[in-house]
Amino acid sequence: MANEGLRDNETLSSLKNESETLKCKLEEERAKLHDVEPFLSVFFFQQDGKVIVWDAFTTNKEHAVTMPCTWVMACAYAPSGCAIACGGLDNKCSVYPLTFDKNENMAAKKKSVAMHTNYLSACSFTNSDMQILTSSGDGTCALWDVESGQLLQSFHGHAADVLCLDLAPSETGNTFVSGGCDKKAMVWDLRSGQCIQSFETHDSDINSVRYYPSGDAFASASDDATCRLYDLRADREVAIYSKESIIFGASSVDFSLSGRLLFTGYNDYTINVWDVLKGTRVSILFGHENRVSTLRVSPDGTAFCSGSWDHTLRVAVGHQRTRPPAKFIFHSGPERPPQFIKSSATAIIHADSPC
Amino acid sequence: MSSKVSSSNNISQARRTVQQLRIEASIERIKVSKASADLMHYCGEHAKYDPLLMGIPASENPFKDKKPCTIL
């Protein structure tokens, strides 16, 4: 009666003991393979919310959609470039087909796809326009069919809000990584919903996660003012990007095309560029007048774009010098888009929300 | 009654945690030296195609401010 849920030989304390033993074993196994300090010794890189799509070269607005909900927190471009997805405090993720026809009202064609029980923190199309992956303040991630709005798979395991996600590069298979307020980064199998690996070395919320271009590792940015690199095959943290002088949280992170450089945006208004392999800071970019909330490298790797609470998006490219690393020049983007910019995808689409 | 429910919740939660940890403990791992060597190799292979690393000449910068054109 009192122990209805238990099987033979199980008690609550025996389960707890086994849990502790397994945790120790996990640490031991990881430590056994820690034969070198990574890299060092081996040295020889709205009131209405609006979603706006900008042309990065001309700085002209291409599309603007007014969202019925006031806070938009996430947005994503469909792989075909023909639709965008966004959502936020409305707990939903909606898909809007993009059209260049001025007579068409994009908001009218909206399709509600995802439904969570708390805010939508991030969304991403998988490798087609047909499926969307979402993460939410309700602590779960979910995979949805765009056409029917049906839930295909849900991912449970985070103990608190999930703030970010990133899909593995398509060549490496069907997994994605998520980061949350429980300080954990978790790697999931898309098909089974199973958590394959988890990493808990940050001291605070993980705001952003991004896969290394080869798919064998990922980086995370956290409120603990550090960014870290986790190798998936070694199953551990292999590098930490921090300085004593950096005390403000990191909000966003992305790799350059080769994975040698890591671009990170911070709440102290700066962007730091790190050499991924050496663990040292290569460059620091000033220019934003408020926190940098989001950062993305363009798909062809020629530039990166940062968005900030100072209401601007800025694009930076590397300038040639006699030897690497390149120097970065900020090009001021569109002036004064009305509000707080939360997330940006490939060809600079961003979501406005009232401050 | 409520203590029965919460104790069975604790049990099922503990069981789930143990199951998850068993899965995580059983995965195949490689040495850090091998993992970092592979990451370095990837960087080396792709470095020359990385415009943000190598930089682009000012003349090819697609974002530079466009000067107005005077037609005589």
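The values are calculated or read from the model by the stated rules, or taken from the named source; none is laboratory data. Treat the numbers as computed from the prediction; the structure is a model and nothing was measured. Because the Cβ atoms are built from the backbone with ideal geometry, glycine has one as well, and the counts that use them run over all protein chains shown.
Side notes on the structure shown:
- Pairs are defined by a Cβ separation below 9 Å, a sequence spacing of at least 6 or placement on different chains, a first member in segment B:11-26 that is within 7 Å of chain A (Cβ to nearest Cβ), and a second member that is assigned to a helix (DSSP H, G or I) and among the polar types (S, T, N, Q); the pairs so defined are B:14/A:19; B:17/A:19; B:18/A:19; B:21/A:19.
- Evaluation of residue A:233 against the conditions (1) basic (Lys, Arg); (2) surrounded by 24 or more Cβ atoms within 10 Å (Cβ to Cβ); (3) over 19 Å from the mean Cα position of the chain (by Cα) shows that the sole unmet condition is (2).
- In segment B:27-50, the residue that is nearest to the other protein chains (Cβ to nearest Cβ) out of those that are part of a loop (DSSP other than H, G, I, E, B) and aliphatic (A, V, I, L, M) is B:30.
- Complete set of residues in segment A:158-174 that are under 16 Å from residue A:117 (Cα atoms) and either surrounded by 13 or more Cβ atoms within 10 Å (Cβ to Cβ) or over 21 Å from the mean Cα position of the chain (by Cα) (or both): A:158, A:160, A:161, A:162, A:163
- Inspection of segment A:160-169 identifies no residue that is over 20 Å from residue A:85 (Cα atoms) and within 14 Å of another protein chain (Cβ to nearest Cβ).
- Inside segment A:296-319, residues that are in a strand (DSSP E or B) and over 25 Å from residue B:59 (Cα atoms) make up a count of 2.
- Complete set of residues in segment A:191-227 that are crowded, with 18+ Cβ neighbours inside 10 Å, within 13 Å of residue A:179 (Cα to Cα), over 13 Å from the mean Cα position of the chain (by Cα) and within 14 Å of chain B (Cβ to nearest Cβ): A:195, A:197, A:198, A:199
- Checking segment A:245-255 against the condition returns a match, with at least one residue being within 14 Å of another protein chain (Cβ to nearest Cβ), within 17 Å of the chain's Cα centre (by Cα) and not aliphatic (A, V, I, L, M).
- Residue B:15 vs. criteria surrounded by 14 or more Cβ atoms within 10 Å (Cβ to Cβ), at pLDDT 70 or above and over 16 Å from residue A:235 (Cβ atoms): yes
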